[in-house]
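One structure is given here, and the rest of the page talks about it.
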Amino acid sequence: VELVGEGQVALFIATPGQLNIQPRIDGALDAIAESGAPIEAIDIATGASLEEELSTVEAWYLGNQEATGMFAVDAGSTQAVGQVVRDQSARDNALVGAGGYDLLPETVELVSEGVLDFTIDQQPYLQGFLPTLYLYLYKLSGGVVTPPETNTGLVFLDSSSAQLFLETASRFEGDAEEQAIVEPVG
C-alpha cells in the first residue's frame, strides 16, 4: 500500500489454497482493503512451474500495462514478476512497485539491480537448523527441554542489502557446500 499508493495491483500466487502461501495473499488483500487506499487488487494463479508462472505474469502485464504494482507470494512467481518488469521495461509505464517472497538466485540479482523493490527472506536455514537443535536438546534432556514453537522472522532484502547475499559464499544463505566461518558484517 505504501509503495504503490493507488491503482491496479496484481498479486500472483502459484497454487491458490496451498497452506504455505494462501495466507500471504489473503493477508495482502486484507491489508489493502483495510487501508482504504484506492487500490484495485487482483489475485492471479500462476501455476507451479517457472515457465508457466513467467508466461502468466507476462500475459497479465501485457494486458494491463497501466498497473501500478505487481507482487508475488511464492518463489517462482516473484522471479517471474522481476523478469517481466525487466524484459517489458515496466518501470517506463505506470508500474511503481514490484516484489515478493523467497531467494531464488535470479530474484536476489533482480532486487540488487533495483528491478524488484524487495524480496522476503524467510530464513530457510534457520527453519531447518532450529528444529534439529531442539530435537537434539529434547533427546539430551530426557524430554525435559521441549521443542518450542519458533518464528524465524522475515528479512526484507532491497537493493542495498541484496548484494550481501550475492557476495557471501555460505551454506547458510548462499550456495557454498563446504563449511566456512563467515565474518560478521559491520
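For residue 95, the conditions (1) surrounded by 20 or more Cβ atoms within 10 Å (Cβ to Cβ); (2) more than 15 Å from the chain's Cα centre (by Cα); (3) not in a loop (DSSP other than H, G, I, E, B) are fulfilled apart from (3).
I'm trying to understand the selection: among the residues of segment 166-186, which are modelled with pLDDT under 80 and outside any loop (DSSP other than H, G, I, E, B)?
Scanning segment 166-186 gives a single hit, 167.
Within segment 53-76, residues that are over 17 Å from residue 89 (Cβ atoms) reach partners that are of a type in the set (Asp, Glu) with beta carbons closer than 6 Å, at six or more positions or on different chains, in the pairs 75/102; 76/53.
Scanning segment 66-79 turns up no residue that is modelled with pLDDT under 95, over 13 Å from residue 12 (Cα atoms), assigned to a loop (DSSP other than H, G, I, E, B) and open to solvent by less than 50 Å² (accessible area, probe 1.4 Å). What pairs come out if I take residues in segment 139-165 that are over 12 Å from residue 119 (Cα atoms) and pair them with residues that are surrounded by 10 or more Cβ atoms within 10 Å (Cβ to Cβ) and polar (S, T, N, Q) whose C-beta lies under 6 Å away, six or more apart or interchain? Filtered contacts from segment 139-165: 152/123; 152/127; 163/112. Test residue 132 against the stated conditions and say whether it is exposed (fewer than 14 other Cβ atoms within 10 Å of the Cβ), farther than 15 Å from residue 3 by Cβ, in contact with a helix residue (DSSP H, G or I) (Cβ under 7 Å, 6 or more places away or on another chain) and β-branched (Val, Ile, Thr). No; evaluated as a whole, the condition is false for this residue. In the set (1) part of a loop (DSSP other than H, G, I, E, B); (2) of a type in the set (D, E, K, R); (3) more than 18 Å from residue 111 (Cβ to Cβ), residue 51 fails one condition alone, (1).
The values are calculated or read from the model by the stated rules, or taken from the named source; none is laboratory data. Please read all numbers here as calculations on a predicted model, not as lab measurements. For neighbour counting, all protein chains shown are included, and Cβ atoms are generated from backbone atoms with ideal geometry for every residue, glycine included. These area figures cover heavy atoms from the full protein model, side chains too; ligands, DNA and RNA do not enter into them. Shrake-Rupley method; radii C 1.70, N 1.55, O 1.52, S 1.80 Å.
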